1. Could you tell me how many of the residues in the stretch A:159-192 are open to solvent by less than 20 Å² (accessible area, probe 1.4 Å) and more than 14 Å from chain B (Cβ to nearest Cβ)?
2. Is one or more of the residues making up the stretch B:83-92 of a type outside the set (A, V, I, L, M, F, W, C) and closer than 23 Å to residue A:179 by Cβ?
3. Taking the stretch A:88-119 on its own, how many of its residues are assigned to a loop (DSSP other than H, G, I, E, B) and within 14 Å of chain B (Cβ to nearest Cβ)?
4. Could you grab me the full set of residues in the stretch B:280-308 that are more than 29 Å from residue A:175 (Cβ to Cβ) and assigned to a loop (DSSP other than H, G, I, E, B)?
5. Check B:65, B:93 and return the single one that is within 14 Å of another protein chain (Cβ to nearest Cβ) and either buried (at least 21 other Cβ atoms within 10 Å of the Cβ) or not in a helix (DSSP H, G or I) (or both).
6. Mind checking which residues of the stretch A:120-144 are away from chain B (no Cβ under 14 Å) and either touching a Ser or Thr at 6+ places or on another chain (Cβ under 8 Å) or of a type in the set (Lys, Arg) (or both)?
7. Residue B:23 versus (1) free of Cβ contacts under 8 Å to residues at least 40 places away in the same chain; (2) touching a helix residue (DSSP H, G or I) at 6+ places or on another chain (Cβ under 7 Å): which is the lone unmet condition?
8. Looking at the stretch A:127-174 only, could you name the residues that are assigned to a helix (DSSP H, G or I) and of a type in the set (A, V, I, L, M)?
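The values are calculated or read from the model by the stated rules, or taken from the named source; none is laboratory data. This one's a predicted model, so the numbers in the text were calculated from it and none came from an experiment. Note that we place each Cβ from the backbone using ideal geometry, even for glycine, and neighbour counts take in every protein chain shown. Surface areas here come from the heavy atoms of the whole protein model, side chains and all, with no ligands, DNA or RNA. Shrake-Rupley method; radii C 1.70, N 1.55, O 1.52, S 1.80 Å.
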Amino acid sequence: MILDIDTKLLKKNAYRVTKQRGITALRIRVPGGDLNIKYFDIIKEVAEKYGNGTVHITTRQGFEIPGISMEKIDEINELISPIIRGLKDEGVQIEDEEGGYPAAGTRNVSACIGNRVCPFANYDTTALALKIEKLIYPNDYHVKIAVTGCPNDCIKAHMQDIGIIGQVEPIYDPSRCIGCQACVKNCKRRVTGALTFENFKVVRDPNRCIGCGECILKCPTSAWTRGEKYYRIVIMGRTGKKNPRLAQTFIEWADEESVLKIIKNMYDFIDKYIDKTLDKEHVGYIVDREGFKKFKEEVLKDVKLPKKAKVANHLDYTGYRYERNTIYD
Amino acid sequence: MGVELNAKSFNDALKILSIKYKIFAPVRLKGKGAFSDTDLVTYGEISSYKDIELSEKSRYSPKEVIYPITQTLFYFTEDEYKEPEIDDKGIVVFLRPCDANSYLKLDNIFLKNGPYEDNYYKRLRDKVKFFVIECTKGFSTCFCVSTGSNKFLDYDVFFRFDDDKITCDIKNEEFSYAFSGKEVEFSPEFIEKNEIDVKLPDIGKISQKVEYVFNHELWDEYTKRCIACGRCTVSCPTCSCFSMQDIFYKDNPKCGERRRVWASCMVDGFTDVAGGHSYRQKYGERMRFKVMHKIYDYKKTLQHNNVHWLRKV
């Protein structure tokens, strides 16, 4: 049994302190929840040889291998080096491939399955998750990011510090419309009722349209087709023991370049305003303390949003506080 | 005899033809598929060989070229009306034998079904020249052999596309001027067998047992599975139903236009009548109507009018 464990280094290395002294668990990052099957052999080997033969699928789409002796960390780090090298080959900045994960603060970027499989998805979420991973990992700041293909938000982007929701601008060619109203009825029933029927053709209210692309999917004649890809950025959603809340829309109709720049800028914001007296501080609480105006100013630095983009003037969180007195029956 | 071309001489021909004709063919529209990052293969105007998409079946049919989805019949003001002009140019359509045959079926409906020819259809249809694309393999969902639409010999020009080697047979001499190349032996080939065989019922037998067909449980399956989206009818090269719409312009309701717009017997509203009633609420009933109308009634009516329902090949 080893007695001298630097738990801070241990945690940074993506291992965790567990209930059992000397026993740890390793978290394998899976950006976008998309993993080459060849790495399964390594995960299996770690679990069988060093762990307790099981693997836990984490809420952020990684793998957690429990039951590992802390003494074996160096060996395991060597064993998982092909997985780390895989990240490096994709363009993630990692210096030492043999030393295990270089950071764990910024969590795995999770993603719904996206347009490689799902008919509803408006973009390739797997690819964007990887682009974000490359941009922000390794990093110690505690940040949760998830990307989702459409406003169904299957990945729960609304529970993240940054949630990216795919949008598409629907383009309407009235000459191809047979007036079946499949889009109108569907938008009313399933979405926001942004479509109305006037003079036998469809009118779209751009202020109500959330760019989900349902009208395009419903249209039998391709009167509705896909225009440019856009993204809704929702921010500072969270769970936690203090003030759980859904993320609110910061920007809609943003382009990919702006999304990436804003995420990058957010790390500068954290760096500038984080309370350094604390062990760690979650970005949402920094924004709460410093104010949305300041956050907005900092993250939009040098960002060239598309003309269509709409930026929130203020955020109206509807979360609640656990500390509030609740009257129970 | 055929003429052998390559991509360059073919493109030269298109250029020459484009002076007098609008040229349509199956095209690939990048990113225009309903699902994101997918393409839409449909008919569109082309200007070069690379615009023609032959590797994938077209989602929509070439009927749109002569029978537009939305067609303004006339504009009206308080006491006058005017028909819209149409393009002076002729129309060349690159299409497969099945699609060429489907034009003949549309002809029956628009030109031979009833006492009057449909002038709006006719004035576009008369411009059409068939540039038939040789099709010997078809696609996995094709069944042209079963319907006898696999062959089409009344073409103006027939093409075999084999990458950079293009061979054509010019039947209509008026097109000889456009195509220059080496003369070669060439006889068009047609597909002889599809992956799917469709067994068409004997119309005579249906006539004797209409009630049996009408109440057959086959339609119940459609009631369960069909979503009444109308895609089958808008993609079908022989569906021809339309409805009329009078539009009164918003800024000045005394002016407007009368349009005809495709309709689909599969979607809601097709059978709406005065008083708010409508018929065939069940989707299986709609499918039954469609099939009976397109196959049974069509044959019966056209036989009555002495029109051959299927072309002799």
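1. Count: 6.
2. In the first step, residues of the stretch B:83-92 are kept if they are of a type outside the set (A, V, I, L, M, F, W, C); the result is B:83-85, B:87-90.
Subsequent filtering for residues that are closer than 23 Å to residue A:179 by Cβ retains B:83-84.
Yes, the stretch B:83-92 has at least one match.
3. First, pick out the residues of the stretch A:88-119 that are assigned to a loop (DSSP other than H, G, I, E, B): A:90-96, A:100-105, A:107-109, A:112-113, A:117-119.
Within this subset, residues satisfying the condition of being within 14 Å of chain B (Cβ to nearest Cβ) are A:112-113, A:117-119.
Total satisfying the criteria: 5.
4. Once the filter is applied, which keeps residues that are more than 29 Å from residue A:175 (Cβ to Cβ) and assigned to a loop (DSSP other than H, G, I, E, B), the stretch B:280-308 yields B:281, B:282, B:305, B:306, B:307, B:308.
5. On the way: B:93 fails: within 14 Å of another protein chain (Cβ to nearest Cβ).
Going through B:65, B:93 in turn, the sole match is B:65.
6. Hits for the stretch A:120-144 are A:129, A:131, A:134, A:136, A:137, A:138, A:139, A:140, A:141, A:142, A:143, A:144.
7. (1)
8. Across the stretch A:127-174, the qualifying residues are A:127, A:128, A:129, A:130, A:132, A:135, A:136, A:157, A:159.
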